[in-house]
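This report concerns only the one structure given below.
The values are calculated or read from the model by the stated rules, or taken from the named source; none is laboratory data. Note that the structure is a prediction, hence the values are computed from the model and not measured. Reconstructed Cβ throughout: ideal geometry from the backbone, glycine too, with neighbour counts over all protein chains shown. For accessibility, only protein heavy atoms count, side chains too; no ligands or nucleic acids. Shrake-Rupley method; radii C 1.70, N 1.55, O 1.52, S 1.80 Å.
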Amino acid sequence: MVNIKGKWALITGASRGLGYHAAMFMAEHGCNLVLHSRNAEHCSKVVEDVKKFGVEVNVVSAELSELSDVERMLKDIDALGVDIDIVLNNAGLQIAYRDEYLMTPMSDYEISFKINTMAPMMICYHFIPKMVERGFGRIVNTSSGINLDPQQAGYSASKAALDKVTRDLGSKYEGTDVMINLADPGWCRTDLGGPNAPNSPESAIPGIVVGAFVDDKKSGRWFAASDFHGLTLEEAVKKAENEVASPY
């Protein structure tokens, strides 16, 4: 299992929901953090809370639907002078639920793909070369288990695309210590999931971060958080390494 103490992790969408819980978990294990939100002020609570664990914290902001803003954010991160060892691409947008799904506007796809597919991949492409150069890196892209639900076509299609490009990209690093995997948090009561979701955000821990701790040089896997609920981190890592097969 990877010891993340003293490493640096970038967490997108860190100000609330699953991103907040991921940030707290990583900080508890000694990981320094670069926290992203659309507005830096939104991260004030998570910054205050993670600092209790004695880690270093920086905050960056970007509107992920504006790809030029993502590019600017990446330059801001570079200017911090820290090496990003771990990326948790947590931020996402469920644009709308369309009961009249045959009337789905194409803007649903455009916005969803920018935030849920293109922005995460821009982040991957930016940090992977530096991870390869240093010989270590972990990327976890947040997936979704939504299926057979045309009412959420823009969201589900953008997540399916993220799954595809993540697995394809991961094949190039299989067998190395730069590992790229996927995590499905399940349907949780967050701003994205809504108040009627069956699962609490806490139930997604440690499943949504287990990909940062696995140490078996395998990529392209899909970790369902529900499979790890109630496990210790050590148990979750063992399960991930022994029971979730690489697709290659």
*Residue among E174, E202 that alone is surrounded by fewer than 18 Cβ atoms within 10 Å (Cβ to Cβ), modelled with pLDDT of 95 or more and more than 15 Å from the chain's Cα centre (by Cα)*: E174
_Enumeration of residues in segment 32-63 that are within 21 Å of L93 (Cβ to Cβ) and outside any helix (DSSP H, G or I)_ = V34, L35, H36, S37, R38, N39, V59, V60, S61, A62, E63
*Could you list, in sequence order, the residues of segment 123-164 that are touching a residue at least 40 places away in the same chain (Cβ under 8 Å), among the aliphatic types (A, V, I, L, M) and assigned to a helix (DSSP H, G or I)?*
I123, I128, M131, V132, A153, A157, A161, L162
*Residue check, N181 against (1) closer than 23 Å to A245 by Cα; (2) open to solvent by 30 Å² or more (accessible area, probe 1.4 Å), all met but one. Which one?*
(2)
*Out of curiosity, is D83 within 22 Å of F136 (Cα to Cα), out of contact with any Gly (no Cβ under 9 Å at 6 or more places or on another chain), modelled with pLDDT of 95 or more and not in a helix (DSSP H, G or I)?*
yes
_Residue check for G220: at pLDDT 95 or above and either assigned to a loop (DSSP other than H, G, I, E, B) or not acidic (D, E) (or both)_ = yes
*Keeping to segment 220-248, report how many residues are without any contact (Cβ under 8 Å) to a residue 40 or more places away in the chain and either among the β-branched types (V, I, T) or open to solvent by less than 10 Å² (accessible area, probe 1.4 Å) (or both).*
5
*Checking L102 against (1) at pLDDT 95 or above; (2) buried (at least 20 other Cβ atoms within 10 Å of the Cβ), the condition it does not meet*: (2)
_segment 86-145, residues that are closer than 16 Å to L169 by Cβ, over 16 Å from the mean Cα position of the chain (by Cα) and among the β-branched types (V, I, T)_ = V132
*asked:* touching a strand residue (DSSP E or B) at 6+ places or on another chain (Cβ under 8 Å), aliphatic (A, V, I, L, M) and within 17 Å of I205 (Cβ to Cβ): which single residue out of I86, I77 fits that description?
replied: I86
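Per-residue answers, yes or no, for (1) touching a residue at least 24 places away in the same chain (Cβ under 8 Å); (2) buried (at least 19 other Cβ atoms within 10 Å of the Cβ):
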residue: S44; (1), (2): no, no
residue: S61; (1), (2): yes, no
residue: D85; (1), (2): yes, yes
residue: M121; (1), (2): yes, no
*Whichever residue in segment 146-160 is more than 15 Å from the chain's Cα centre (by Cα) and surrounded by fewer than 20 Cβ atoms within 10 Å (Cβ to Cβ) and, among such residues, is nearest to F113 (Cα to Cα)*: A157
*Complete set of residues in segment 126-177 that are under 23 Å from D215 (Cβ atoms) and either touching a helix residue (DSSP H, G or I) at 6+ places or on another chain (Cβ under 6 Å) or among the β-branched types (V, I, T) (or both)*: I128, V132, G137, R138, I139, V140, N141, T142, S143, T166, T176
